[in-house]
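Rule-based calculations on the coordinates, nothing more; no lab input. Computed from a prediction, not measured in an experiment: that's the story for all the values here. Here Cβ is always computed from backbone atoms with ideal geometry, including for glycine, and neighbour counts include all displayed protein chains.
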Amino acid sequence: MWTSTLSYFIETLEEADVERWHIPVRAVRTQLEVLLEPTHWGLTSQDARASSTLHELEQECRDIAVTEWMTCSGITRPFGYHRILLHLFSGRRRMGDVQYFLENMEVPESYVLHIVSMDVVVDGIWGDAMATGTRNYWLKAAKDGYIAAFLAGPPCETWSKARGREVGSRRGPRIVRDESHLWGLPCMALKEVAQVIAGNELLTFTLLMAGYVVCTGGSGVVEHPAEPDEPQAASIWKLPVMLALLQAPGVQRLRLSQGLFGALTAKPTELLTINMPDLPLFLNKWRTRPELPKGQAIGLTEEGFFRTALLKEYPPALCGALAEAFRVQLDLLDVKDTAMPPEADIAKWKSMTVTEYSSHIGADYAG
């Protein structure tokens with residue numbers, strides 16, 4: 001489109017069109033013809049920050065883990081009367097989810113808790129974590145001290161160890177990451193590229209939110225599949241940025257199996273927790289099984305959906321443990337006299353506090 005437009009402009013250019021430039025029309029045509037070549041479009045030029053290599057950025061993460069976190073301890077900041085528990089990628093509302101248990105607890109006396117479900121199925125604008133403006137809004141809310149707690153299970157479809165496995169008579173989705181290419185393999189199909197880009201954006205947003213919550217003294221949980229035993233397998237727990245976060249004050253890494261809380265399979269899971277010291281106690285309290293189930297979630301259902309989709313939602317017992325642990329931490333935070341949030345923001349948070357249950361489980365990838 002660019003070259004066709006430019007060629008037409010060159011062909012129809014007349015002397016009268018360039019009078020104010022005081023340059024012969026032939027010279028203008030010559031200069032414009034240069035722009036028909038892609039090498040002169042400037043697409044390869046980058047600013048200094050963008051030109052940093054992945055290796056340099058990851059080394060910066062390692063340096064932060066050694067230097068910056070070492071100077072931070074006992075971070076506490078005031079949280080006001082209005083507090084948000086932000087549930088990223090919340091999916092549908094259902095009986096037995098984290099919000100269900102929180103809403104069935106005694107109402108806080110000293111603060112108002114907004115349980116915000118951030119998901120495109122809830123709000124097409126303020127629930128869209130792929131939109132830069134939306135991400136900036138919620139990160140600013142965290143920085144300003146409104147997000148006192150958050151829960152996130154960033155999509156794991158491109159990290160799943162179920163990829164590359166046999167599914168019936170055919171092979172499942174290809175592996176798109178490995179230990180040497182945690183952000184995505186160098187050669188993929190276009191759909192795979194789109195999936196990996198979406199997964200990377202949602203994960204980096206999650207980790208940025210975690211960093212802000214560390215700095216404000218709030219609490220948080222990031223959930224993802226446990227690091228696989230296979231040495232070459234990809235895992236977010238191998239990312240330098242994750243390893244840097246794990247060195248921050250108040251941050252722990254917990255491993256559990258959702259099968260002990262009622263999931264249909266063992267589903268090994270790891271949690272990055274921020275200022276949640278009592279969570280292990282509540283996890284032990286809410287266990288529903290003494291042993292792991294033997295089922296597997298590889299392959300397709302009779303309806304043609306991947307069985308892993310059924311495991312996206314946490315079992316109710318795990319949600320109960322998370323809800324209790326969050327509530328304990330929220331109640332421990334003193335209420336300070338801080339600036340009230342704008343009425344428009346409060347209205348937005350209330351509109352994203354979902355009260356109606358749904359029976360529809362969304363697709364893993366909506367690209």
I need to check one value: relative contact order of the chain, counting alpha carbon pairs closer than 8 Å and at least 6 residues apart, in percent.
22
Filtered hits (aspartates and glutamates, Cα-Cα < 20 Å from K348, offset >= 8 within chain) -> E103, D119, D123, D128, D144, E356
Between the modelled labels at D278 and S359 (7 Å from Cα along Cα→Cβ) the distance in nm is 3.8
Considering only S180, S90, S52, give the residue with the highest GNM mean-square fluctuation for the chain, with springs between Cα atoms whenever their separation is below 10 Å.
S52
Report which label in (1) 48, 26, 15; (2) 43, 28, 21; (3) 31, 23, 21 holds the value of semi-axes √(5λ) of the Cα gyration tensor in Å derived from the coordinates of this structure.
(2)
Dipole magnitude of the range 54-351 about its Cα centre, charges +1 at Lys/Arg Cβ and -1 at Asp/Glu Cβ only, in debye to the nearest 20?
720
Computed [θ] at 222 nm, helices only, for the chain once each DSSP H run of length n ≥ 4 contributes -39500 (n - 2.57)
-10000 deg cm²/dmol
In the chain, if the dipole is taken from +1 on Lys/Arg beta carbons and -1 on Asp/Glu beta carbons about the Cα centre, which of V34, N275, G127 is farthest to the positive end?
N275
Label E106 and Q59 with points 7 Å out from Cα along Cα→Cβ: what is the distance between them in nm?
5.6
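Counting only complete DSSP H runs, which helices of the chain cover 20 Å or more along their long axis at the Cα atoms and score a mean Kyte-Doolittle of 0.5 or above?
Going by DSSP H runs, the hits are 190-216, 316-332.
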Mind sorting I125, I115, I84, I10 by how few other Cβ atoms lie within 10 Å of their own Cβ, fewest first?
I125, I10, I115, I84
Full-extension gain in nm, Y137 to L332, via 0.36 nm per residue minus C-alpha separation
67.6 nm
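Residue separation times 0.36 nm, minus the C-alpha to C-alpha distance between I197 and L32: what's the value?
Values: separation 165, 0.36 × 165 = 59.40 nm, distance 3.53 nm.
Taking 0.36 nm per residue and subtracting the Cα distance, the gain is 55.9 nm.
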